[in-house]
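The values are calculated or read from the model by the stated rules, or taken from the named source; none is laboratory data. In this text, all values refer to a predicted model and were calculated from it rather than measured experimentally. Methodologically, a virtual Cβ is constructed for each residue, glycine included, from the backbone with ideal geometry; neighbour enumeration extends over all protein chains shown. Accessible surface is based on the protein model in full, side chains and every heavy atom, while ligands, DNA and RNA are left aside. Shrake-Rupley method; radii C 1.70, N 1.55, O 1.52, S 1.80 Å.
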Amino acid sequence: MSRTTAAPAGRLAVSLHRIGKRFPGVVANHDVSFEVRQGTVHALVGENGAGKSTLMKILYGVHKPDEGTIEINAERVSFSSPTDAIGHGVGMVFQHFQLADNLTVLENVVLGAEKRHGIADAARAEIGRISTAYGFELDPDELVETLGVGERQRVEILKVLYRGASIIILDEPTAVLVPQEVEALFANLRELKREGNTLIFISHKLDEVLAIADEITVLRRGTSVATVLPGEVTSHDLAELMVGAELPSPSTEESTVTDDVILDVAGLTVSDAHGRPELADVSCTIRAGEVLGIAGVEGNGQTELVEAILGIRKALAGTITLAGADLSTWGTRRRRAAGVGYIPEDRQRHGLLLDAPLWENRVLGHQTRAPSSRGIWLDRRGARADAQRIVTDYDVRTPGIDTAARALSGGNQQKFIVGREMSGEPVLLVASHPTRGVDVGAQAAIWDHIRAARRRGLAVLLISADLDELIGLSDSIRVILRGRLVGEFDPQTVTPQQLGSAMTGASERTEEPV
Amino acid sequence: MTALRRGVLALAAPVLAFVVAAVVTSVVLLGTGDSPAEFWQVLLTVPAGRNIVNMVNFAAILYLSGLAAAIGFRMNLFNIGVEGQYRVATFAGALFAGQAFLPGALNTVASVLVAMAAGAAWAGIAGVLRVTRGVSEVISTIMLNAIALSLVAYLLRRVGNRIGQTIETDEIPSNAWVPGFSLVPGETAELYGLALLAVVAGVGFAVVLNRTRFGFELRATGYSESAAIASGVDVKRMVLYSMLLSGAVAGLIGMPELFGASHAYGSTIQTGIGFTGIAVALLGRNTPLGIAVGALIFAYLAQQASPLGITAGISPEIILVTQGVVVLSVVIAYEVVSRYRSRLEQSAVAAALEAERRHEEVAA
């Protein structure tokens, strides 16, 4: 890390000056400025919704900035399409791979770039050259569908290099990778850097950023707030820069946990379509008035646990009991009607009908119950009145309940979902990342609502990647790792460091039970 | 957004679409050396009373066909098989009615139900394939169309009677016929009695779609399948139900003419209505009222096509071009207007929030 503490010298590869971009109703970026030196890794960090992706799309020519200037290699540029960007040596590796599964590596790489080296031997030679130079270990004739995630990502990087890019934007490249693959990627990136390429690395995983970046620019609410050197900051400092001010520290008051067991999960096992285990023998109980927090690195079985409890995903083995009733054989609708509230991880895909008005979104997931329906009939008046109540009580900023859900900002969409899921006195709330991507004000409001419901005897299963949220809201914390619940911690005494090592499997031992 | 603005926006799309369709048709006419002026003169002549009756009869039939397609479209199911379902259902209904198992009106009612059941069953095959084996309903309904045509032709030869050049099922006893009623005073041509099925089906569709839980779940699945699943909607069951429903409505398409005019299923049955219904549904944006407008426009254009060749010397097939262009331009115009509308809505939200923030700042 020491070599990165000194500010890297060298000429500027990219210079963004006071970039601004507005979308209807949203200011995505304003007054963003930073500079990237050639042959360095520059990390761009910020919370979801901080404007990272928009900024990179501007740099890659997908969007045109409304104001500000871009310089590439000291030349003022204005891109109107990604083709322009590639022409100036700027390439982008998207988070969601853009590869044709039924084509080979070679075919994927040359697709759309046939003019560079043809589609035959010259192309093969060039791919071989790049692949060897950076240690990609890719066989040009292998079908992409047979490749693993890490290899596919290398194909994407190869595509960009093949097109002559020397400035490469990587949009959350580690989000889809397992730890070993992250290490391999970083090795590739260091190799790329050594060859004089410039890398812009977008992430919100601070440890990774600190490990790979030469410089870090922090974005908050669409604007660049600071550019720092990794040797001079801790991940806590970065987090503070990302959220502004001090980290919001939720804190639970005295315990409200009762003896009534609301949710009892025993031996829950879930496999994916290929029979690989996603959840292995998971057991936990949540009592009335208790918040059970589940910590873990994303992709360790959190989604599967939530979906198995909701009945969206089939369990291979195990039982789920809700307030004494075995709901293992129930469908999702019956489980929700029995009082399971659900704040989904991906609110836009699972929690809302984006093109439907808000009041119809009030009905979603509650279509079998008052005030949304009476018998087989929809109760329009009841649903409208209750949607209005949610808008008022939960401070949802909207012109009205006839506005389409799509028009609202993420935080207001989330507040509406929380309000909906809290209505009808649920007995269990399954909340996945309830404050992800929402602003600090909305976050505090959502926490308050969860605490208030907990005092009224609600049982909460809280999945979160935000350790402070977990520590502040939970009565006990379990860690999920590779589909198993591995540790149990008391939030009063646990430290983020202890949780962090349990989450990464650094310590396989189980802490003292609470 | 004000009500006025909303109203203007609602009208903008169809007006835009028709202007585009008129321009394109005129250009095509000029290209083929025909006179657009004569074309429009014929097309815009007020039709005679008899033609109005024919037009409304045809519109009722197209409406049922459009409705059948729209039920699937509302949840992103592309039932291309309305044509096959309509053939199978009309044949089954005619066959049943011709046997006169039941007396009079009872026979009529039972036959209509048999036709609906047959249409539903035929569509249900595609539904079951989709739900159990993941077969795309587009592919299966297209293939089922081909099978339906051959199957009905085969069965008709087995059970039908040869009358002159055609083969027909046994004629329905006259006590089961549904009398028509006069639409235009002093005109002998009558509206089919069962044309009223279109009204019943349209009202039923509107009520089910907008007022019931089932309709909500259907629309929710159309908006977002993933959100519907998370909300406890059994999407597979919804797919099956809406295919069945779509097929049942397709079963009604042949009824007005069967009980009002032809009284038998014969090889002269009107073809292609199931496909035109898809265009009508698209034109009507899958809403009950919109489809009615779409069906009337299509029927009007079809009705005005025949005098084209006689009075203006223009091939009536140009009307097919006009119909096609109307559908395309409607689809595009609505997309353009809806994007504009959602932009307006988002800036309205932003403006409201901005005003609120300013207000708070002033207060603070």
Shielding of B:207-214 by partner chains, average beta-carbon count, 10 Å = 4
What is the percent of Cα-Cα separations in the protein assembly as shown that go past 34 Å?
-> 64 percent
Residues of B:221-229, mean number of Cβ from any other protein chain within 10 Å of their own Cβ, rounded to a whole number?
-> 6
Divide the volume of the convex hull of the Cα atoms of the stretch A:441-503 by its number of residues and quote the answer in cubic angstrom per residue.
-> 90 Å³
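Once every DSSP H run of n ≥ 4 in the protein assembly as shown is given -39500 (n - 2.57) and the sum is divided by its residues, what mean residue ellipticity at 222 nm do you get, rounded to the nearest 500 deg cm²/dmol?
-15500 deg cm²/dmol
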Among the stretch A:156-190, those whose backbone N falls under 20 Å of a label point 7 Å along Cα→Cβ from A:K115 are A:159-167
Report the normalised scattering of the stretch A:350-424 as log10 I(q)/I(0) at q = 0.21 Å⁻¹, calculated by the Debye formula with identical scatterers on the alpha carbons.
-> -0.81
Normalised per residue, the volume inside the convex hull of the alpha-carbon atoms of chain B in Å³ amounts to 189 Å³
Treat every Asp and Glu Cβ in the protein assembly as shown as -1 and every Lys and Arg Cβ as +1, leave all other atoms uncharged, and give the resulting dipole magnitude about the Cα centre to the nearest 20 debye.
-> 2360 debye
Calculate, for B:L149 and A:R380, the FRET efficiency according to 1/(1 + (r/R0)^6) with r their C-beta to C-beta distance and R0 41 Å; round to the nearest 0.05.
-> 0.40
Taking a probe of 1.4 angstrom, what is the accessible area of A:S283 in Å², to the nearest 10?
-> 50 Å²
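With a cut-off of 8 Å between alpha carbons and a minimum separation of six or more residues, what is the relative contact order of chain B in percent? Write down the numbers at each step before the final one.
Values: 554 pairs, mean separation 116.8, N = 364.
With pairs under 8 Å counted, the relative contact order is 32 percent.
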Which semi-axis lengths, in whole Å and largest first, follow from the square roots of five times the eigenvalues of the Cα gyration tensor of the stretch B:80-189?
-> 30, 18, 15
For the stretch B:135-235, with every protein chain kept in place, what is the accessible area per residue (1.4 Å probe, Å²)?
-> 50 Å²
Farthest toward positive dipole pole in the protein assembly as shown [+1 Lys/Arg, -1 Asp/Glu at C-beta], among A:W359, A:G500, A:G487 | A:W359
Taking all pairs of distinct Cα atoms, average 1/r, flip it, and tell me the Kirkwood hydrodynamic radius of chain A in Å to one decimal place.
-> 24.8 Å
Report Rg(Cα)/(2.2 N^0.38 Å) for the stretch A:319-468, keeping two decimals.
-> 1.01
Apply the Kirkwood formula to the stretch B:294-353: the hydrodynamic radius equals the inverse of the mean of 1/r over all pairs of different alpha-carbon atoms; give it in Å with one decimal.
-> 14.1 Å
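Sort B:F181, B:F205 by accessible area with a 1.4 Å probe, largest first. Don't skip to the end; give the middle numbers.
On the way: B:F181 75, B:F205 20 Å².
I get B:F181, B:F205, largest accessible area first.
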Sorted by accessible area (1.4 Å probe), largest first, how do B:V88, B:V15, A:V270 line up?
-> B:V15, B:V88, A:V270
Assuming R0 = 60 Å, can you tell me the calculated FRET efficiency for the pair A:T319 and A:D141, based on Cβ-Cβ distance, to the nearest 0.05?
-> 0.75
Can you list the GluC sites (Glu not before Pro) in the stretch A:110-180 that are in a DSSP coil and have 12 or fewer other beta carbons within 10 angstrom?
-> A:E137
Quick one: net charge around A:I86, please, counting Lys, Arg +1 and Asp, Glu -1 for every other residue with C-beta under 13 Å from its C-beta.
-> +3
Radius of gyration and Dmax for the stretch A:2-243's Cα atoms, expressed in Å?
-> 17.5, 52
With every protein chain left in place, what is the accessible area of B:W40 in Å² (1.4 Å probe, nearest 10)?
-> 60 Å²
Could you size up the charge dipole of chain A around its Cα centre, putting +1 on the beta carbon of Lys and Arg and -1 on that of Asp and Glu, and report it in debye to the nearest 20?
-> 1620 debye
Whenever you get a sec, line up A:F97, B:F101 from highest to lowest accessible area (probe 1.4 Å, protein heavy atoms).
-> B:F101, A:F97
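Is there a simple number for the mean count of other chain Cβ atoms within 10 Å of the Cβ of residues in A:408-419, and what is it? Kindly include the intermediate steps, with their values, before the conclusion.
Details: counts 4, 4, 0, 0, 2, 0, 0, 0, 0, 0, 0, 0.
Counting other chains' Cβ atoms within 10 Å and averaging over A:408-419 gives 1.
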Between A:I312, A:L470, B:A126, whose Cα lies farthest towards the positive end of the dipole of the protein assembly as shown when Lys and Arg beta carbons carry +1 and Asp and Glu beta carbons carry -1, centred on the Cα centre?
-> B:A126
Dipole size in debye (nearest 20) for the stretch B:49-313 around its Cα centre, Lys and Arg Cβ +1, Asp and Glu Cβ -1?
-> 560 debye
